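Report on the following structure.
The values are calculated or read from the model by the stated rules, or taken from the named source; none is laboratory data. Just so it is clear, the structure is predicted and the values come from calculations on it, not from any experiment. Cβ coordinates were reconstructed from backbone atoms using ideal geometry, including for glycine residues, and neighbour counts include every protein chain displayed.
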Amino acid sequence: MKSALSAWRNGVAAVAAAAALAACQGEAGETAVIAPAPVITVEVLAVAPDGAGTGVRASGLVAYKRQTALGFGAPGQIETLTVDSGDRVAAGQVIATLRRTTVGADEAEAALARQTAQQTFDRISRLFEGGAASQADLDNARLALERTRERIAIVAPASGIVLMRQAEPGQTVSAGTPVVTIGESRAGLIVRASFTPAEVAQVKVGDVASVRIEQRDVVSGNVVRIAPRGSQSGTFEVEVALARLDGLRAGEVAEISLAAKASEANVAAGVYVIPAIALIDARADQGVVFVIDAEGKARRRPVETGGVSDQGVSILKGLAAGDRVITRGASMVRDGDAVRIAGE
């Protein structure tokens, strides 16, 4: 009985061994099929010298180049105020009148003061016309004359638009208190915008700017002024004069776009700027980017980094003009991976 059981076990083992051997032989005779790695879609940047072709942008407000606050030269009560915000005024137009409250207790004395002030003003006017008196002398004589009159008026110094009405008829005001503010048409409209130090370094007076205002056509302009010093927030105010004024209003939001210029020093030194998303494995002043080679494959490239700005990371060494640096998708590729450029 034992010999029969042993024989049966040996037979089962032999069959199992034969089956295993056949399986091994079958596997050896077949070629394994490996699926190709998927091609990764990426976005790239063809690098150029720092500042070349990147441009700078900033948001600002449309404003009149010259905005003048007008008030009376003496205290008193406003009798008439004939304009409101948005009204157009012409040069020489009477805007408001005021009845003085401190002309003088003695009417004869007040009349003598007016006569003297008028004579002084007439004399200074003649001297001014002959070049013997300054504009300041004429303005002072005019102010002295106004202060002697019982009723005085505000006259528009130039044609323009009333931007703000700051008083009402019947209101008592002090000398010099603003009553209306006008924007003078002859000075034109500008856009005032704030630029960072890195941005303003790429801008010069006279540069052509493109100004985009919501729901309006793009307007061209020129940089007419750059603030000589920064504000407390560290930005610099830039003024762009607009070439066309059709329908524009003070206070509208505008976006200024200027083509930046490459710094000669940076071009000579081979400094480039890339988006921060393109830099991986950054440590101190070292990092890695992926550059696409002629075969369409991603190649790992060590680089030396400089400072970081709103435009991106400055690359001091490791790149050359024209290199195609992977931006979006850089963290997904490995050295030698085949890639496809989005949009191609």
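Quick notes
- Of all residues making up segment 126-138, the number that are closer than 22 Å to GLU150 by Cα and either outside the structural domain of THR148 (by TED's automatic domain parsing) or out of contact with any helix residue (DSSP H, G or I) (no Cβ under 6 Å at 6 or more places or on another chain) (or both): 0
- In segment 286-344, residue nearest to VAL47 (Cα to Cα) [restricted to those that are modelled with pLDDT under 85 and among the hydroxyl-bearing types (Ser, Thr, Tyr)]: SER314
- Pair list, Cβ under 6 Å, 6 or more apart: segment 69-92 residue acidic (Asp, Glu), other residue assigned to a strand (DSSP E or B) and at pLDDT 90 or above: GLU79/THR97; ASP84/ARG165; ASP87/VAL162
- ALA175 vs. criteria surrounded by fewer than 19 Cβ atoms within 10 Å (Cβ to Cβ), at pLDDT 85 or above, in contact with a helix residue (DSSP H, G or I) (Cβ under 7 Å, 6 or more places away or on another chain) and in the same structural domain as ALA74 (by TED's automatic domain parsing): no
- Test: ARG99 is modelled with pLDDT of 65 or more and within 42 Å of the chain's Cα centre (by Cα): no
- Residue within segment 262-275 that is among the aliphatic types (A, V, I, L, M) and at pLDDT 90 or above present: no
- Screening segment 147-243 for strands (runs of 3 or more DSSP E) wholly inside it with 2 or more residues that are within 30 Å of PRO75 (Cβ to Cβ) returns the ranges 151-155, 160-165, 178-184.
- Qualifying residue in segment 206-219 (condition: over 28 Å from VAL89 (Cβ atoms) and in contact with a Lys or Arg (Cβ under 7 Å, 6 or more places away or on another chain)): yes
- Residue in segment 122-136 that is in a strand (DSSP E or B), at pLDDT 90 or above, over 26 Å from GLY251 (Cα atoms) and polar (S, T, N, Q) present: no
- For segment 297-340, the tally of residues that are buried (at least 17 other Cβ atoms within 10 Å of the Cβ) and not in a strand (DSSP E or B) stands at 9.
- Checking SER210, SER174 one by one, the residue that is of a type in the set (Gly, Ala, Ser) and out of contact with any strand residue (DSSP E or B) (no Cβ under 7 Å at 6 or more places or on another chain) is SER174 and no other.
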